[in-house]
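The values are calculated or read from the model by the stated rules, or taken from the named source; none is laboratory data. Everything numeric here is computed off the predicted structure, so don't read it as measured data. Note: ideal-geometry Cβ built from the backbone for every residue, glycine included; neighbour counts use all protein chains shown. Remember, those area values only see protein heavy atoms, side chains included, never the ligands or the DNA or RNA. Shrake-Rupley method; radii C 1.70, N 1.55, O 1.52, S 1.80 Å.
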Amino acid sequence: MSIDKKLTKKQEAFVDLMVYQDYNQTKCAHLAGYENPGVAATRLLSDQQYAHVQEKIRQLKAIQRKKNEITFEGIATKLGEIRDIALADGSYGPAVTAEIARAKLAGLMVDKKELKIHKIDSMSREQLEARLQELLAESQIITGHAEVIENDVSQETKGLEDLTDQESEADFEEIDPDEEE
(Lines give C-alpha, C1' and ligand atoms only; values in the text may rest on other atoms or scores of the structure.)
Protein backbone atom coordinates (compact mmCIF):
# COMPACT_ATOMS: atom_id res chain seq x y z
CA MET A 1 0.00 0.00 0.00
CA SER A 2 1.64 3.20 -1.14
CA ILE A 3 1.20 6.62 0.45
CA ASP A 4 0.85 7.99 -3.09
CA LYS A 5 -2.48 6.16 -3.32
CA LYS A 6 -5.38 8.39 -4.46
CA LEU A 7 -8.10 9.41 -2.05
CA THR A 8 -11.70 8.44 -2.71
CA LYS A 9 -14.39 11.15 -2.68
CA LYS A 10 -15.46 10.17 0.83
CA GLN A 11 -11.86 10.14 2.03
CA GLU A 12 -11.28 13.60 0.53
CA ALA A 13 -14.39 14.89 2.27
CA PHE A 14 -13.25 13.30 5.54
CA VAL A 15 -9.76 14.82 5.22
CA ASP A 16 -11.14 18.30 4.45
CA LEU A 17 -13.51 18.16 7.42
CA MET A 18 -10.73 16.94 9.75
CA VAL A 19 -8.37 19.73 8.64
CA TYR A 20 -10.65 22.71 8.08
CA GLN A 21 -13.54 22.17 10.52
CA ASP A 22 -13.72 21.97 14.28
CA TYR A 23 -15.50 18.60 14.47
CA ASN A 24 -14.52 15.38 16.16
CA GLN A 25 -13.46 12.45 13.98
CA THR A 26 -16.82 10.65 14.14
CA LYS A 27 -18.74 13.77 13.06
CA CYS A 28 -16.28 14.25 10.17
CA ALA A 29 -16.82 10.65 9.01
CA HIS A 30 -20.59 11.06 9.32
CA LEU A 31 -20.59 14.30 7.29
CA ALA A 32 -18.32 12.68 4.70
CA GLY A 33 -21.01 10.04 4.12
CA TYR A 34 -19.71 6.96 5.94
CA GLU A 35 -22.44 4.59 7.19
CA ASN A 36 -20.54 3.56 10.34
CA PRO A 37 -18.82 6.86 11.15
CA GLY A 38 -17.19 5.81 14.45
CA VAL A 39 -15.60 2.70 12.97
CA ALA A 40 -14.70 4.44 9.71
CA ALA A 41 -13.01 7.35 11.48
CA THR A 42 -10.96 5.06 13.69
CA ARG A 43 -9.79 3.02 10.70
CA LEU A 44 -9.02 6.06 8.55
CA LEU A 45 -6.92 7.60 11.33
CA SER A 46 -5.10 4.55 12.67
CA ASP A 47 -5.17 1.61 10.24
CA GLN A 48 -1.99 1.18 8.16
CA GLN A 49 -4.19 0.44 5.14
CA TYR A 50 -5.20 4.15 5.18
CA ALA A 51 -1.70 5.61 5.64
CA HIS A 52 -2.31 7.77 2.55
CA VAL A 53 -5.33 9.40 4.27
CA GLN A 54 -3.31 10.01 7.46
CA GLU A 55 -0.42 11.49 5.46
CA LYS A 56 -2.76 13.83 3.56
CA ILE A 57 -4.23 15.06 6.87
CA ARG A 58 -0.70 15.68 8.22
CA GLN A 59 0.30 17.60 5.07
CA LEU A 60 -2.77 19.81 5.05
CA LYS A 61 -2.54 20.50 8.79
CA ALA A 62 1.11 21.52 8.34
CA ILE A 63 0.06 23.95 5.60
CA GLN A 64 -2.69 25.32 7.87
CA ARG A 65 -0.24 25.82 10.73
CA LYS A 66 2.15 27.61 8.38
CA LYS A 67 -0.65 29.89 7.14
CA ASN A 68 -1.65 30.77 10.69
CA GLU A 69 1.87 31.53 11.85
CA ILE A 70 2.36 35.05 13.07
CA THR A 71 5.24 36.65 11.25
CA PHE A 72 6.49 40.19 10.96
CA GLU A 73 5.75 40.27 7.24
CA GLY A 74 2.29 38.78 7.69
CA ILE A 75 1.26 41.25 10.36
CA ALA A 76 2.75 44.23 8.51
CA THR A 77 0.93 43.21 5.34
CA LYS A 78 -2.37 42.70 7.14
CA LEU A 79 -2.11 46.06 8.93
CA GLY A 80 -1.34 47.71 5.58
CA GLU A 81 -4.48 46.13 4.11
CA ILE A 82 -6.55 47.32 7.07
CA ARG A 83 -5.15 50.84 6.64
CA ASP A 84 -5.95 50.85 2.91
CA ILE A 85 -9.51 49.61 3.47
CA ALA A 86 -10.07 52.20 6.20
CA LEU A 87 -8.76 54.99 3.96
CA ALA A 88 -11.01 53.86 1.12
CA ASP A 89 -13.99 54.06 3.50
CA GLY A 90 -12.92 57.50 4.69
CA SER A 91 -12.30 56.09 8.18
CA TYR A 92 -9.16 58.02 9.01
CA GLY A 93 -9.04 57.10 12.72
CA PRO A 94 -8.74 53.35 12.11
CA ALA A 95 -6.31 54.03 9.25
CA VAL A 96 -4.05 56.03 11.54
CA THR A 97 -4.32 53.36 14.24
CA ALA A 98 -3.28 50.66 11.76
CA GLU A 99 -0.35 52.74 10.58
CA ILE A 100 0.78 53.39 14.15
CA ALA A 101 0.59 49.66 14.83
CA ARG A 102 2.77 49.02 11.77
CA ALA A 103 5.32 51.58 12.98
CA LYS A 104 5.40 49.98 16.44
CA LEU A 105 5.81 46.56 14.85
CA ALA A 106 8.81 47.83 12.91
CA GLY A 107 10.28 49.37 16.06
CA LEU A 108 9.93 52.91 14.73
CA MET A 109 7.64 53.90 17.59
CA VAL A 110 7.90 52.88 21.21
CA ASP A 111 5.40 53.43 23.99
CA LYS A 112 7.36 55.15 26.71
CA LYS A 113 6.11 54.99 30.25
CA GLU A 114 7.81 56.62 33.18
CA LEU A 115 7.35 55.43 36.71
CA LYS A 116 8.09 57.84 39.52
CA ILE A 117 8.76 56.28 42.86
CA HIS A 118 9.20 58.67 45.74
CA LYS A 119 11.56 57.14 48.23
CA ILE A 120 13.18 58.95 51.07
CA ASP A 121 16.51 57.27 50.29
CA SER A 122 16.70 58.90 46.88
CA MET A 123 15.94 62.42 48.15
CA SER A 124 18.65 65.00 48.79
CA ARG A 125 18.93 66.75 52.15
CA GLU A 126 17.36 69.90 50.69
CA GLN A 127 14.46 67.91 49.26
CA LEU A 128 13.91 66.19 52.59
CA GLU A 129 13.91 69.48 54.49
CA ALA A 130 11.50 71.06 52.00
CA ARG A 131 9.14 68.08 52.23
CA LEU A 132 9.24 68.12 56.02
CA GLN A 133 8.39 71.84 56.02
CA GLU A 134 5.40 71.12 53.74
CA LEU A 135 4.19 68.36 56.04
CA LEU A 136 4.59 70.54 59.13
CA ALA A 137 2.64 73.37 57.49
CA GLU A 138 -0.15 70.96 56.54
CA SER A 139 -0.13 69.54 60.05
CA GLN A 140 -0.40 73.00 61.62
CA ILE A 141 -3.31 73.91 59.38
CA ILE A 142 -5.08 70.70 60.31
CA THR A 143 -4.18 71.10 64.01
CA GLY A 144 -5.29 74.73 64.00
CA HIS A 145 -8.55 73.77 62.35
CA ALA A 146 -9.04 70.97 64.86
CA GLU A 147 -8.46 73.39 67.78
CA VAL A 148 -11.04 75.81 66.41
CA ILE A 149 -13.56 72.99 66.07
CA GLU A 150 -12.69 71.71 69.55
CA ASN A 151 -13.23 75.19 71.05
CA ASP A 152 -16.58 75.54 69.27
CA VAL A 153 -17.69 72.12 70.51
CA SER A 154 -16.60 72.79 74.09
CA GLN A 155 -18.48 76.15 74.11
CA GLU A 156 -21.61 74.46 72.76
CA THR A 157 -21.28 71.69 75.31
CA LYS A 158 -20.83 74.18 78.16
CA GLY A 159 -23.92 76.06 77.00
CA LEU A 160 -25.91 72.83 76.96
CA GLU A 161 -24.66 71.85 80.42
CA ASP A 162 -25.70 75.21 81.86
CA LEU A 163 -29.12 74.90 80.25
CA THR A 164 -29.53 71.34 81.48
CA ASP A 165 -28.57 72.31 85.02
CA GLN A 166 -31.19 75.09 85.06
CA GLU A 167 -33.88 72.76 83.74
CA SER A 168 -32.96 70.06 86.25
CA GLU A 169 -33.31 72.50 89.15
CA ALA A 170 -36.71 73.59 87.91
CA ASP A 171 -37.93 70.01 87.44
CA PHE A 172 -36.89 68.90 90.90
CA GLU A 173 -38.00 71.82 93.09
CA GLU A 174 -39.27 70.61 96.35
CA ILE A 175 -42.99 70.65 96.64
CA ASP A 176 -44.44 71.59 99.99
CA PRO A 177 -47.01 68.92 100.91
CA ASP A 178 -48.98 71.49 102.89
CA GLU A 179 -49.56 73.57 99.81
CA GLU A 180 -51.26 70.71 97.98
CA GLU A 181 -55.01 70.69 98.06
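Using a probe radius of 1.4 angstrom, the carbon and sulfur fraction of the accessible surface of the stretch 1-141 is 54%.
Computed from label points 7 Å out along Cα-Cβ, the spacing between Arg131 and Lys104 is 3.3 nm.
Per residue, the stretch 40-115 exposes an accessible area of 74 Å² to a 1.4 Å probe, with every protein chain left in place.
Rounded to the nearest 0.05, what FRET efficiency do Leu60 and Lys112 give with R0 = 41 Å and r taken as the Cβ-Cβ distance? Could you check?
Working: r = 45 Å, r/R0 = 1.09.
Calculated transfer efficiency: 0.40.
Remark: the stretch 71-78, residue by residue, has Karplus-estimated 3J(HN,Hα) of 10, 4, 4, x, 5, 4, 5, 5 Hz, where x stands for each Gly or Pro and the curve is 6.51 cos²θ - 1.76 cosθ + 1.60 at θ = phi - 60°.
Listed here are the pairs Lys78/Lys112; Lys10/Lys61; Lys27/Lys56; Lys6/Lys66; Lys5/Lys61; Lys6/Lys61; which of them are more than 21 Å apart at the Cα? Listed pairs above 21 Å: Lys78/Lys112; Lys6/Lys66.
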